[in-house]
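Read the structure below first, then the notes.
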Amino acid sequence: MSTENTNRLKSLDALPHIDSGYNDLHYRKEQDLRYKKALKKLLTGKNEELFSELQMRPDLLDSLEMKSVFILCQLILGKEVKERQVFPFMRNEFISDSISKTIVDLYKKIYMQVDLPEGTKEAFNAINLYSIKEVLPALVVYFTDLILVEKLEQFYDQAFKVLEDKEFYEKLTEDDLKTERVRHLALYYRRKGDEAKADEVLLQYRELYLPDMTKPVKLKKMPNTKFYPPGEVLDNLGELYQEIKDIQAEVCEISGVNNDSCMYFECSDCCHKDYPILYYSEYKYLVQKMEEDGMDIEAAKADARKIQAEHKAKYGFELPVVNKHRPTKEDCNPYDFKFSCPLLADNGGCGVHQIRPMMCRAYGLSSSDSRNVQACNYYLRQHQYNSNSENIRYVYDVRPYVAMIEASDQHQTEQDFGEKQKLCGTFVAWLSSDY
């Protein structure tokens with residue numbers, strides 16, 4: 001082959017070509033494998049070996065995850081984390097923020113989910129992530145959030161000391177992160193039981209923070225932790241209701257929302273305009289407790305029948321008890337008929353507040369589909385203006401409860417009627433029925 005032809009063939013290497021993506025996928029796979037191996041060494045106590053390897057091979061620190069493992073490894077060993085180890089070429093605040101998030105996320109998973117070997121466990125528990133705040137300033141925001149949300153009380157004093165350092169927060173490049181100091185300070189006071197001071201600080205936060213409507217809302221879902229077999233749900237419904245109350249209180253505390261928004265705003269709109277769906281087990285529990293407590297259930301039934309008469313006169317049928325999997329409000333009240341709840345007391349408040357069903361309890365700040373928040377305007381407005389810089393909003397996740405109560409209903413209806421059913425309806429439908 002002539003020299004001319006050889007050079008011509010070599011020149012083809014310089015032509016642009018389309019990458020199939022295989023090389024990138026292969027690199028990412030190798031990168032993930034390296035991270036898993038490094039993490040395994042960290043979790044099994046081989047930190048000296050890991051430190052030596054990564055110190056000799058800085059080229060392996062090619063991802064946020066690997067950098068996070070390296071930093072935690074150094075902290076476990078009591079070594080100083082230097083800026084040049086995190087930013088080998090030049091400092092980058094975007095990367096700093098990303099690494100801070102990744103470190104805190106990894107720290108949380110290890111702290112809350114991993115049983116470390118002796119020695120490593122003690123060293124890990126002694127880590128103070130605030131010690132590297134000069135290298136990674138944004139870390140104070142994410143670590144403080146972890147401390148206060150997860151109630152890591154052993155770090156409360158350290159968190160408060162950092163929160164008092166207003167000048168340090170002013171050094172942060174993102175304005176949204178600066179305002180997090182005030183939100184966290186309010187949550188700190190709530191955690192310490194000083195509601196007056198928390199409300200005072202929340203007023204400052206609402207003045208400083210404006211929600212970014214262009215950011216998608218991220219729901220952090222808090223589900224039930226108590227679960228019972230279908231045959232035991234009815235007997236333990238009071239325990240489940242208490243857990244819902246506790247979860248809602250926690251959602252309100254983290255979010256900076258008034259726990260008693262209904263009383264604070266003297267509002268009972270949801271008792272006149274929005275009608276929760278009750279499951280069969282919930283209605284059965286409600287009737288049992290009303291009878292045990294000597295409540296006037298017949299008066300409530302009489303009011304329900306009056307409402308049914310109005311509905312029938314207007315639409316030609318009564319509000320139904322529906323036998324359907326996951327019925328909607330439209331199934332149970334197709335024309336959105338407005339009425340006052342027949343269980344309201346003479347003073348306008350809920351007459352069965354202690355035994356009210358799940359949907360009445362969860363209406364404040366909950367989600368049934370992991371995408372939308374079920375709440376009135378008073379709750380939503382507070383929730384929206386107290387969200388953090390990433391637009392994260394905590395909600396009670398009703399789905400595990402619904403699955404449990406549906407299983408209970410099938411058990412109860414098979415016992416009571418000889419066949420499994422999924423019965424749901426409004427208070428009016430149930431109270432005016434033969435059930």
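Observations, loosely collected:
- Angle between the chain longest axis and helix 139-149 axis [Cα atoms, degrees, rounded to 10]: 30 degrees
- Spin-label pair Met263-Asp434: with each label point 7 Å from Cα along the Cα-Cβ axis, the two points sit 4.3 nm from one another.
- Lysines whose Cα lies under 28 Å from that of Lys289, excluding same-chain neighbours fewer than 8 positions away: Lys226, Lys245, Lys273, Lys301, Lys306, Lys324, Lys329, Lys338, Lys420, Lys422
- Its residues counted as N, the range 23-212 yields a C-alpha radius of gyration over 2.2 N^0.38 Å of 1.11.
- Calculated FRET efficiency for the pair Asp62/Asp336, C-beta based, R₀ 51 Å, to 0.05: 0.35
- Within the straight-line cut-off of under 18 Å between alpha carbons, the lysines reachable from Lys40 are Lys29, Lys67, Lys108, Lys109, Lys121, sequence neighbours fewer than 8 places apart in one chain being disregarded.
- Rounded to the nearest 10 degrees, the inclination of helix 93-113 to the longest alpha-carbon principal axis of the chain is 60 degrees.
- In a fully extended conformation the segment linking Lys218 and Asn128 would gain 29.6 nm over its present Cα-Cα distance, using 0.36 nm per residue.
- At 1.002 mPa s and 20 °C, Stokes D of the range 308-435 from Kirkwood alpha-carbon radius, µm² per second: 126 µm²/s
- Translational diffusion of the chain was estimated from the Stokes-Einstein equation, with Rh taken as the Kirkwood radius over Cα pairs; at 25 °C and 0.890 mPa s the coefficient is 94 µm²/s.
- Extension gain for Phe89-Asp235 works out to 46.2 nm (0.36 nm per residue, less the C-alpha to C-alpha distance).
- Label-to-label distance, nm, for residues given as Lys166 and Glu195 (7 Å Cα→Cβ offset): 2.7 nm
- Rounded to 5, the percent of DSSP beta bridges in the range 222-431 classed as antiparallel: 65 percent
- FRET efficiency estimate (nearest 0.05) - Cβ-Cβ, Glu80 to Thr225, R0 41 angstrom: 0.55
- For the chain, the antiparallel share of DSSP beta bridges with both residues in that region comes to about 45%.
- Once both labels are positioned 7 Å from their Cα atoms along Cα-to-Cβ, the gap between Glu207 and Lys289 label points is 4.3 nm.
- Using the rule -39500 (n - 2.57) for each DSSP H run of four or more residues, divided by the residues of the chain, the 222 nm mean residue ellipticity is -17000 deg cm²/dmol.
- Computed 3J(HN,Hα) for the range 381-395, one whole-Hz value per residue from the Karplus formula 6.51 cos²θ - 1.76 cosθ + 1.60 where θ = phi - 60°, is 4, 5, 4, 5, 7, 10, 5, 7, 5, 9, 6, 8, 10, 7, 9, glycine and proline marked x.
- Per-selection Rg to Rh, the range 78-181 - Cα, Kirkwood hydrodynamic radius: 0.96
- Residue-span extension gain [Lys245 to Ala309] - 0.36 nm each, minus C-alpha spacing: 19.6 nm
- Two-site FRET efficiency, Gln154 against Lys329, from Cβ-Cβ distance with R₀ of 45 Å, rounded to 0.05: 0.50
- Angle of helix 64-76 to the longest C-alpha principal axis of the chain, folded into 0 to 90 degrees and rounded to 10: 80°.
- Diffusion coefficient, µm² s⁻¹, Stokes-Einstein with Kirkwood Rh over alpha-carbon pairs of the range 222-431 at 25 °C and 0.890 mPa s: 136 µm²/s
None of the figures in this text is laboratory data; all of them are computed from the coordinates on show. Keep in mind the model is a prediction, meaning the values are calculated, not measured. A quick note on method: Cβ atoms are made from the backbone with ideal geometry, for glycine too, and the neighbour counts reach across all protein chains shown.
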